[in-house]
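As structure tokens, the structure follows; a few thoughts come after it.
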Amino acid sequence: MRPLLAAAVLAGCTQGLANSPKPDAATRAGELTATFGVPGEAMEYQVALRGVTVGRVQVAVGQPGWVTGHRAIIVRSRGTSAGFLSLVSNLRWELTTTLDLATGMPLHEIEESWLQAAGEPEHDRTDHDWGDSRYNLHAAAGALRAWHSLPGARTSFEVQIDQADIDVEMWDAAREYVPSAHQPAVRYDGIAREKYHFSVWISDDAARVPLLLRTDTKWGAVAVELVDYDPPPASP
């Protein structure tokens, strides 16, 4: 589950998904310098492999506060096995990130995974201060949501997934309607490690909600699709 979720989010293990041509160097580039999230919002995604549901991911955004002198926000994700995969194993993955609201970079990250299958249960945990110029999964998603791009604009960044550093380039590819979400979206096409392609759809409105990700992996086609979005409670 953990490698599959990571591959689904930023195509770390993809083998090539047909998408729009990569813009040439003359296309105006943009730099990701901020982060975006709606305090109190919650999202749930379904992860499908070759059209079969294999997992669920819940994402929650906390309230802004101060952490070691930085204006910050906490984002939490939890992934669990589902469908036929849950019949043979019990998998769970959690990622908690403290994001600097001024820079969009991670300040601290806690990642845990649990596996219960045949044999003894396994549990892994990493807990560390970030302190460098690379994104993690939450920071990359927040930066993309904050990027109000024009058609054809491109950007690049480096993301760390499971101790692997991955160079990613993305560009504003199209404006499309996403039927499953019943709303228009901006489609971003991307390439990781200069050869692995993927596409992400972000709602074309003020909320900038990630709606859908599609890519091909060594296991087959993967789709991560929004199935529920809870905006923050209205103020009394």
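Coordinate-derived values only; no laboratory data. Since we're looking at a predicted model, the values are computed, not measured. Here Cβ is always computed from backbone atoms with ideal geometry, including for glycine, and neighbour counts include all displayed protein chains.
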Item to complete: Could you tell me which numbered condition Asp172 fails, if it satisfies all but one of (1) surrounded by fewer than 20 Cβ atoms within 10 Å (Cβ to Cβ); (2) of a type in the set (D, E, K, R); (3) in contact with a strand residue (DSSP E or B) (Cβ under 9 Å, 6 or more places away or on another chain)?
Response: (1)
Item to complete: From the list Ala206, Ala234, pick out the single residue that is out of contact with any strand residue (DSSP E or B) (no Cβ under 9 Å at 6 or more places or on another chain), closer than 18 Å to Thr35 by Cβ and among the aliphatic types (A, V, I, L, M).
Response: Ala206
Discussion item. For the range 190-203, check the following and say yes or no: at least one residue is small (Gly, Ala, Ser) and under 21 Å from Asp100 (Cβ atoms).
Written reply: no
Worksheet item: Within the range 151-158, is even one residue among the hydrophobic types (A, V, I, L, M, F, W, C), in contact with a Lys or Arg (Cβ under 7 Å, 6 or more places away or on another chain), at negative phi and surrounded by fewer than 22 Cβ atoms within 10 Å (Cβ to Cβ)?
Response: yes
Worksheet item: Any idea which of Leu144, Leu137, Leu211 is under 25 Å from Leu99 (Cβ atoms), surrounded by 17 or more Cβ atoms within 10 Å (Cβ to Cβ) and touching a helix residue (DSSP H, G or I) at 6+ places or on another chain (Cβ under 7 Å)?
Response: Leu137
Practice prompt. Name the one entry in Tyr196, Tyr188, Tyr177 that is surrounded by fewer than 20 Cβ atoms within 10 Å (Cβ to Cβ) and aromatic (Phe, Trp, Tyr).
Written response: Tyr177
Practice prompt. Output the residue which, of all residues in the range 48-71 that are touching an Asp or Glu at 6+ places or on another chain (Cβ under 8 Å) and either of a type outside the set (D, E, K, R) or within 16 Å of Leu107 (Cβ to Cβ) (or both), is surrounded by the most Cβ atoms within 10 Å (Cβ to Cβ).
Written response: Val57
